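Report on the structure given below.
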Amino acid sequence: MPSYTVTVATGSQWFAGTDDYIYLTLVGSKGCSERHLLDKAFYNDFERGAIDSYDVTESEDIGDIQILKIEKHKYWYKDDWYCRHLTVKTPSGDYLEFPCYRWITNDKEIVLREGTAKLSRDDVTQVLKQHRRKELQERQKLYRWKEWYPGFPLSIDAHSHSDLPHDIQFDSEKGVDFVLNYTKAMENLFVNSFMHMFQSSWNDFADFEKIFVRISNTISEYVMQHWQEDFMFGYQFLNGCNPVMIKKCKQIPANFPVTNEMVECSLERNLTLEQEIEKGNIFIVNYELLDGISANKTDPCTMQYIAAPICLLYKNLENKIVPIAIQLNQEPGPENPIFLPSDTHYDWLLAKIWVRSSDFHVHQTVSHLLRSHLLSEVFAIAMYRQLPAVHPIFKLLIAHVRFTIAINTKAREQLICECGLFDKANATGGGGHVELLLRAMKYFTYESLCLPEAIQKRGMESKEDIPYYYYRDDALKVWEATLNFVKDVVNIYYASDETVCEDEELQAFVKDVFVYGLRDNTDSGFPKAIKTKDKLTEYLTLVIFTASGQHAAVNFGQYDWCSWIPNSPPTMRQPPPKEKGVVTIEFIIESLPDRGRSCWHLGAVWALSQFQDNELFLGYYPDEHFVEKSVKEAMVKFRKNLEEIASFIQDRNKNKKLPYYYLSPDRIPNSVAV
């Protein structure tokens with residue numbers, strides 16, 4: 001009689017084990033096995049982290065195993081089970097691996113396929129074709145698109161984290177509770193006594209140190225010491241937590257009437273402003289997206305303000321980027337002066353503070369929320385809806401959407417919703433962040449997410465011209481390593497461009513992203529279909545890099561760069577100055593956030609800058625969805641390339657007062673999960 005050995009691996013996360021009854025049925029090409037209870041006498045089966053083996057004997061040959069069925073039936077009380085994978089040793093001595101990596105809840109049956117990745121064209125038996133169709137039908141009922149706010153990218157249809165399918169929930173919801181994490185952060189930072197002191201201003205800049213935690217050799221302490229200096233202001237456009245705004249200036253905008261006479265004392269090469277522009281030494285950052293955005297009015301006791309500045313920067317003879325002119329709003333005129341380094345110290349300082357505050361708003365809502373969180377959720381939902389677990393692209397992407405839908409659902413529940421935590425301290429709270437995101441959607445393009453093209457479009461690609469742009473250098477290395485890995489995987493499963501065109505599930509995934517996730521926006525440049533292997537490789541690289549490298553670049557530096565409040569104010573309590581020569585230190589302090597808002601801001605940037613307890617970093621795939629040797633070899637090659645990048649970054653950062661490490665692969669999580 002044919003005998004099989006079935007090995008079952010239970011997950012190691014909390015509450016993964018079960019005491020319920022587990023049944024197994026093998027489905028082969030010649031028939032089905034009996035329904036076997038997996039149970040060993042006087043043994044506690046399926047404990048958390050356990051690997052259990054069972055001998056299964058059949059009365060007759062069932063042929064080649066095609067699928068297996070797992071059933072769970074309640075023993076005493078509701079007891080969910082997380083199954084990692086099963087391995088079946090056949091009578092001939094072959095080993096078949098069946099990846100699962102799912103929660104099995106209630107009295108439920110799940111059907112698993114052998115782990116070799118297959119395109120739909122590869123399935124020849126009716127059993128496998130039917131399983132593929134049924135899996136997607138069930139997923140499309142679970143993962144439904146929903147409009148959270150008109151004009152936003154579509155998101156998951158769930159009111160709260162607990163409404164989500166169990167497979168995509170956090171292991172511990174408490175770990176991602178924003179209210180709890182903010183409160184915990186403020187306890188860790190010893191700022192509890194200030195957090196409710198709204199409307200109470202600080203006395204001076206030194207007074208902010210009462211809530212500033214000094215940690216030896218950190219960037220945040222260096223920022224506190226040097227934030228008023230022009231070189232530090234300019235450096236942040238290259239290597240701060242929003243290094244995607246700066247562009248090479250090819251022409252001064254018509255609404256920014258800077259003259260050569262205004263800036264000639266800042267130019268070091270004995271050239272005119274026009275000549276410096278031609279030489280490629282002038283850069284610009286324009287916050288026109290903020291023009292007319294409503295400021296936070298949720299607190300009637302505190303007026304809050306938003307500006308839309310334009311900042312001109314110059315590469316000096318030391319190759320440092322420094323500011324040379326700032327206009328605080330878009331409409332030029334006598335009440336909107338252009339501030340210069342030659343103005344009084346406090347005039348110039350306040351102008352720079354306004355730029356930093358504006359950068360904070362665009363960073364949080366556009367660079368961070370829209371272009372990493374919300375976009376990654378679109379990819380995740382489309383993946384679950386259109387790609388079965390056996391599809392190679394599902395296996396490739398699953399690690400890069402881990403917890404993304406969950407963290408975004410929590411954000412909609414507690415953070416960016418009406419009366420959410422975002423309203424507590426931010427000038428764009430109370431609806432301004434919604435207006436800003438809707439405006440940014442109009443300029444949101446596929447090309448701007450393809451890193452090499454995006455950098456080139458901003459004129460920032462030359463290492464010789466801009467030698468200290470570490471974000472660019474490291475990001476391009478990570479993008480290239482990811483691209484090569486994706487290319488290796490694509491080449492394994494797609495023999496030709498024709499294979500790509502004929503993959504109906506892949507095309508449905510791409511179409512779902514465009515039609516539903518991105519609201520059928522043709523101006524976005526996102527493809528409706530993919531017709532070549534090269535385009536597929538680029539598209540998947542974009543998906544993975546957005547969720548990993550790009551999110552890491554704009555997220556994990558928030559405490560470093562934003563914890564010193566005057567360097568990155570989340571709100572301003574006085575309007576921008578309309579004339580020169582009137583700004584005093586007292587006016588600046590009254591403009592900056594009060595004690596309460598400062599503490600909420602500090603708690604936010606601390607919490608957002610922390611890794612998850614069970615973080616998985618780029619290139620590491622402990623859940624073995626792929627079983628093929630060729631893909632595992634590609635993963636090893638990918639990790640080796642990433643390790644070389646990490647080693648290069650570590651060597652470069654040695655003895656640097658301002659190390660740049662956000663894109664070191666050993667600090668890049670696989671997915672957007674915080």
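The values are calculated or read from the model by the stated rules, or taken from the named source; none is laboratory data. Only a predicted model underlies this, so the values are computations on that prediction, with no experimental measurement involved. Positions of Cβ are backbone-derived with ideal geometry, glycine not excepted, and every protein chain shown enters the neighbour counts. Areas reflect the complete protein model, heavy atoms only, side chains present, ligands, DNA and RNA absent. Shrake-Rupley method; radii C 1.70, N 1.55, O 1.52, S 1.80 Å.
Table for the structure above
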read-out	value
Amide H contacts under 5 Å for Phe617, placed H, 5+ residues apart	Asn670
Relative contact order, percent, the stretch 3-114 [alpha-carbon distance under 8 Å, six or more residues apart]	34 percent
Peptide ranges 479-490, 341-352 listed from the most packed, as the mean C-beta count within 10 angstrom indicates	479-490, 341-352
The chain, relative contact order [Cα under 8 Å, separation at least 6], %	17 percent
Global geometry of the stretch 397-516, whether rounded, prolate or oblate, following the gyration tensor of its Cα atoms and the 1.5 cut on a/c	oblate
Qualifying GluC sites (Glu not before Pro) for the stretch 1-79 [loop in DSSP, other Cβ within 10 Å: at most 15]	Glu34, Glu47, Glu60
Carbon + sulfur, % of accessible area of the chain - ligands and nucleic acids excluded, 1.4 Å	49 percent
For Asp523, solvent-accessible area (1.4 Å; no DNA, RNA or ligand), Å²	120 Å²
Lys, Arg +1 and Asp, Glu -1 on Cβ, resulting dipole of the chain about Cα centre, debye, nearest 20	320 debye
Calculated from backbone phi, Karplus (6.51, -1.76, 1.60) coupling profile of the stretch 482-497 in Hz, x at Gly/Pro	5, 4, 5, 5, 4, 4, 4, 5, 4, 5, 5, 10, 10, 6, 7, 4
Acute angle (nearest 10 degrees) that the helix 126-142 long axis makes with the longest principal axis of the chain, alpha-carbon atoms	40 degrees
Residue-by-residue Karplus 3J(HN,Hα) for the stretch 333-343, coefficients 6.51, -1.76, 1.60, Hz, glycine and proline x	x, x, 9, 9, x, 8, 7, 10, x, 7, 6
Vicinal HN-Hα couplings computed from phi for the stretch 77-90 (Karplus, 6.51 cos²θ - 1.76 cosθ + 1.60; Hz; Gly/Pro x)	9, 4, 8, 5, 9, 9, 9, 7, 6, 10, 10, 10, 8, 7
Positive dipole terminus of the chain, leading residue within Ile416, Gln66, Trp348 (C-beta point charges)	Trp348
Tilt relative to the chain, helix 345-362 - C-alpha long axis, 0 to 90 degrees, to 10	20 degrees
Between 0 and 90°, nearest 10: helix 432-441 axis offset from the chain longest Cα axis	70 degrees
Amide proton proximity set for Val627, modelled H, under 5 Å, gap of 5+	Ala117
Average accessible surface area per residue within the chain, 1.4 Å rolling probe, Å²	41 Å²
DSSP-loop trypsin sites (Lys or Arg not before Pro) across the stretch 621-655, with at most 15 other Cβ within 10 angstrom	Lys654
Orphan Cys of the chain, criterion: no other Cys C-beta under 4.7 Å	Cys32, Cys241, Cys249, Cys265, Cys301, Cys311, Cys417, Cys419, Cys450, Cys501, Cys562, Cys599
Built amide H within the under 5 Å cut-off of His85, gap 5+	Ala9, Cys100, Tyr101
